[in-house]
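Chemist: Here you go, one structure.
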Amino acid sequence: MPPFLSISSTSPVAAGFVALMKSIKSDLPPAEYKRILMETSRSLTYNGEECPRVPDVYEAVKLISGITE
């Protein structure tokens with residue numbers, strides 16, 4: 001199994017991503033943070049296993065920074 005793909009490990013990582021986005025722009029509704037995470041996610045293949053949606057925090061931060069400009 002790829003690293004950080006279980007619920008117990010991905011939940012804190014996702015919470016950290018949202019906290020980082022909130023530190024950049026804190027006034028968005030929760031659905032908007034979710035949309036940004038979904039929009040900036042990408043697929044990942046690890047040891048032949050495919051994970052269809054992995055958030056890319058760098059792309060999320062770039063996107064949310066563009067929203068604030």
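Chemist: Compute for the chain: radius of gyration divided by Kirkwood radius, i.e. Rg/Rh, restricted to C-alpha atoms, rounded to two decimals. Don't jump to the answer; show the numbers that get you there.
Modeler: On the way: Rg = 12.7 Å, Rh = 12.7 Å.
Taking Rh as the inverse mean 1/r over Cα pairs, Rg/Rh reads 1.01.
Chemist: Rounded to the nearest 500, what is the 222 nm mean residue ellipticity of the chain from helices alone, with -39500 (n - 2.57) per DSSP H run of 4+ residues and division by all residues?
Modeler: Working: 3 runs with 40 residues, N = 69.
For the chain, the value works out to -18500 deg cm²/dmol.
Chemist: Residues with beta-carbon under 15 Å from that of residue 44, excluding residue 44: net charge, scoring Lys, Arg +1 and Asp, Glu -1? Intermediate results must be reported in sequence, preceding the final value.
Modeler: Values: positive: 42, 53; negative: 49, 50, 56, 59.
Charge balance in the 15 Å sphere: -2.
Since every read-out is calculated from the coordinates, none of them should be taken as a lab result. Please read all numbers here as calculations on a predicted model, not as lab measurements. Cβ sites come from the backbone with ideal geometry, for glycine too, and all protein chains shown count toward neighbours.
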